[in-house]
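So the structure is just underneath, and the comments pick up after that.
The values are calculated or read from the model by the stated rules, or taken from the named source; none is laboratory data. Note that the structure is a prediction, hence the values are computed from the model and not measured. Cβ sites come from the backbone with ideal geometry, for glycine too, and all protein chains shown count toward neighbours.
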Amino acid sequence: MPTSRDDPKATFDWPVRIYYEDTDAAGVVFYANYLRFLERGRSEWLRALGYEQDALRRDEGILFTVRRVELDYRTPARFNDLLTVRSALAHIGGASLTFAQEILRDADGALCCQGTVNVACIDAGTLRPRRLPAALVSGILAGTGRPSPASVE
């Protein structure tokens, strides 16, 4: 995955601090909590592009729901670690976005987990799949420096 140092539009980084509530009995981050951190990264990525999810619901009548997640856990994070959630747009579909995401430990750059997350665009009223609004696709492409809504891997 290219880093934001290589191309500021290629990735989006979001910091996360680990608290006691994030850890399990062994003192490491409970595996499911990584999903929360990845969600924050995607939400903040969208916000950085100028899109608030509550406004998309109100104005466009759409929501995003996680459709598929594939994660590999590499190195455990522990209490008080400062992590970076790195998110990159991997693909824009007609009614979905796919992200390549990874979580790195800031102290040593260790890769804690990496994977892909596919989110589907759904109608806020019916909860049925719905095409991404054209203006949103254009804004995402412009904000990430991508030429077209094809795969950007």
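Which of the following residues is in contact (Cβ under 8 Å) with a residue 60 or more places away in the chain and either more than 17 Å from residue 101 (Cα to Cα) or β-branched (Val, Ile, Thr) (or both): 41, 27, 50?
After applying the criteria, what remains is 50.
Please verify whether residue 51 is of a type in the set (Ser, Thr, Tyr), assigned to a loop (DSSP other than H, G, I, E, B), out of contact with any Gly (no Cβ under 6 Å at 6 or more places or on another chain) and surrounded by 14 or more Cβ atoms within 10 Å (Cβ to Cβ), treating the condition exactly as stated.
Spelling it out, residue 51 is indeed of a type in the set (Ser, Thr, Tyr), assigned to a loop (DSSP other than H, G, I, E, B), out of contact with any Gly (no Cβ under 6 Å at 6 or more places or on another chain) and surrounded by 14 or more Cβ atoms within 10 Å (Cβ to Cβ).
Give the range 81-118 a look and list any residue that's aliphatic (A, V, I, L, M), part of a strand (DSSP E or B) and closer than 20 Å to residue 43 by Cα, or say none.
82, 83, 85, 88, 89, 90, 92, 97, 100, 103, 104, 117, listed by residue number.
Could you say which residue among 84, 75 is over 11 Å from the mean Cα position of the chain (by Cα), within 18 Å of residue 28 (Cβ to Cβ), crowded, with 17+ Cβ neighbours inside 10 Å and modelled with pLDDT of 95 or more?
84
Only one of these is modelled with pLDDT of 95 or more, out of contact with any Gly (no Cβ under 9 Å at 6 or more places or on another chain), surrounded by fewer than 16 Cβ atoms within 10 Å (Cβ to Cβ) and not hydroxyl-bearing (Ser, Thr, Tyr): 66, 28. Name it.
66
Regarding the range 104-111, can at least one residue be identified that is closer than 16 Å to residue 140 by Cα, touching a strand residue (DSSP E or B) at 6+ places or on another chain (Cβ under 8 Å) and in contact (Cβ under 8 Å) with a residue 12 or more places away in the chain?
no
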